[in-house]
Amino acid sequence: MLKGKKIVIGITGSIAAYKIPFLVRLLIREEAMVRVIMTPSATGFVTPLTLSTLSRANVIVDPFKESNGEWNNHVDLGSWADAMVFAPVTANTLGKMANGIADNFLVTAYLSAKCPVFIAPAMDLDMYIHPSTQKNIQVLRSYGNTIIEPQVGELASGLSGPGRMDEPENILSQLRFFFERKQDFYGKTILVTAGPTYEAIDPVRFIGNHSSGLMGYTIAEEASRRGARVTLISGPTHLELDNPEIHHEKVVSAAEMYHACTTSFPTADILIMAAAVADYTPSEVSPVKIKKKEKTGSLYLKKTTDILEELGKRKKKNQLLVGFALESGDGIKNAIGKLRKKNLDLIILNSLDDKGAGFEVATNKVTIISKKGVLLAGELKDKRAVATDILDAIKKLKVNT
Ligand code: CTP
């Protein structure tokens, strides 16, 4: 699995550095090609000689001193690597990486990385839980890096808690898992919407719909698994997202969803609009609970902004727009109409006539339509398989991906 893969290992000054020779040995045993970079303080914990012997290459600490007269270019290393693993990473280096403070070779190499980056923090419990460390971790995660969470256990200080660098075998498993999975959306930013919107009538009542959000959540997870940087904007649902790499924004109303989408859309490569956005919202929201005085009541509604249609107007050449259409009756004709009207690249048709498809079920049956016509007339499948079909269809468009 890792045979021939080019891996850069970056070591910083933490006691956990003593575990890295073992990680290097495991990688070499798998026939990976390894280059090691160390910060000057890392050399106090483990010697460059040990690491160069195990990695079968010179170790870079200071590009001028350690290179036997050869110039080590951090940019070259950045393009050479298939993956970079920074382990262990101290609170100090986390801060530098998160803020682009490139005062040593290791951080310059990190900033030059064109490949996926794995970061394994290691530090004492109090330093790890400090808000500034947590903020730096969040920032690094939001840049698309994978954080290898430290384990809870005995720490060098004698304390016990989170902060212990994960074991070399587990770091190796993460690398194996990464190279096994399809990374065909790596480097792309995908915005996914999911769930219903709730339009307030008064402080306790709203107009909503039965969307569970499952289709959108599944697409977001699948896109992240395939390497995309994903933002999920969801209306109210009971679903939990346990992928910390996905940036999750929760909204309630169509107006809030409109605001969130228009804010994130300019930096997105692809928008997949799976949310069931309300078409109408009450003209006025009563500030107090409406009393049942009369036998009949009426509600005045106004149209919400059609988010897709609006973004279709703003779409740039390198952006892709994917919409959904929930139809009964002449589905294909209506879906093609929406595709054209909203300037979409793909539309995913759900037919209300199909049993087991649509809202509140774990399965779906979709027809995927592009400007050229029907690309896929799908069978009834689990929503994860449908998400795969949708992402494969986006891939096939070959625009921008
Ligand atoms: N949509 C949207 N903003 C709205 C309403 C819908 O962005 N205010 C999006 C949905 O997320 C979906 C697509 O438009 O991706 C089509 O939604 P659908 O409800 O099928 O169609 P509508 O355009 O609302 O038309 P109609 O309800 O009349 O069929």
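Most mobile of Ala81, Ala220, Ala156 per a Gaussian network model of the chain (Cα springs, under 10 Å)?
Between Ala81, Ala220, Ala156, it is Ala156 that shows the largest mean-square fluctuation.
To one decimal place, what Kirkwood hydrodynamic radius in Å is obtained for the stretch 282-401 from all pairs of distinct Cα atoms?
Details: mean 1/r = 0.0603 Å⁻¹.
Every distinct Cα pair counted, the radius reaches 16.6 Å.
How long is the gain from Gln151 to Lys372 if the chain were fully straight, where each residue apart is worth 0.36 nm and the alpha carbon distance is subtracted?
74.4 nm
I need the calculated FRET efficiency for the pair Asp184 and Glu31, taking r as the beta carbon distance and R₀ as 25 Å, to the nearest 0.05.
Details: r = 24 Å, r/R0 = 0.98.
Once rounded, the FRET efficiency stands at 0.55.
How many angstrom lie between the C-alpha centres of the stretch 302-381 and the stretch 122-154?
Answer, in whole Å: 40.
If you wrap a convex hull around the Cα atoms of the stretch 46-194, how much volume per residue is inside, in Å³?
Cα-based convex hull of the stretch 46-194, divided per residue, equals 152 Å³.
Roughly speaking, what % of Cα-Cα pairs in the stretch 189-400 are separated by over 29 Å, rounded to a whole number? Please report the intermediate quantities before stating the final value.
Values: 5248 of 22366 pairs.
Counting every Cα pair in the stretch 189-400, those more than 29 Å apart make up 23 percent.
Write down, largest first, the equivalent ellipsoid semi-axes of the stretch 1-124 in whole Å, where each equals the square root of 5 times an eigenvalue of the alpha-carbon gyration tensor.
Values: eigenvalues 69, 54, 47 Å².
Each semi-axis is √(5λ); the values are 19, 16, 15 Å.
If you stretched the chain out fully between Arg141 and Leu111, how much longer would it get, using 0.36 nm times the residue separation minus the C-alpha to C-alpha distance? Present the calculation step by step, with values, prior to reporting the outcome.
Numbers: separation 30, 0.36 × 30 = 10.80 nm, distance 1.42 nm.
Answer, rounded to one decimal: 9.4 nm.
How much of the accessible area of the stretch 189-400, probe 1.4 Å, is carbon plus sulfur, in whole percent? List each step's numbers first, then the result.
Numbers: 5900 of 11210 Å².
In the stretch 189-400, the share of accessible area belonging to carbon and sulfur is 53 percent.
Mind checking the dipole of the stretch 240-310: about its Cα centre, +1 per Lys or Arg Cβ, -1 per Asp or Glu Cβ, Debye to the nearest 20? Mind showing how you got there, number by number?
Details: 8 positive and 12 negative charges, 188 e Å.
Magnitude of the dipole: close to 900 debye.
Assigning unit charges at the beta carbon (Lys, Arg +1; Asp, Glu -1) and nothing else, what dipole magnitude in debye, to the nearest 20, does the chain show about its Cα centre? Could the numbers behind the result be given before it?
Details: 50 positive and 43 negative charges, 263 e Å.
Result for the chain is approximately 1260 debye, rounded to the nearest 20.
Using Cα pairs closer than 8 Å and at least 6 residues apart in sequence, work out the relative contact order for the stretch 189-400, in percent.
Values: 449 pairs, mean separation 41.3, N = 212.
Value for the stretch 189-400: 19 percent.
What does the accessible area per residue of the chain come to in Å², with a 1.4 Å probe and no ligands, DNA or RNA counted?
So the chain comes to 49 Å² accessible per residue, rounded to a whole number.
Counting every Cα pair in the chain, what percent are over 38 Å apart?
Values: 28060 of 80200 pairs.
Cα-Cα pairs in the chain separated by more than 38 Å: 35 percent.
Looking at the chain, send over the antiparallel percent of its DSSP beta bridges, to the nearest 5. Provide the component values of the computation, followed by the final result.
Numbers: 20 of 62 bridges.
About 30 percent, rounded to the nearest 5.
The values are calculated or read from the model by the stated rules, or taken from the named source; none is laboratory data. These numbers come from a predicted model, not from an experiment. Cβ atoms come from the backbone with ideal geometry, glycine included; neighbour counts cover every protein chain shown. Please note that ligands, DNA and RNA were not included when accessible areas were found on the heavy atoms of the full protein model with its side chains. Shrake-Rupley method; radii C 1.70, N 1.55, O 1.52, S 1.80 Å.
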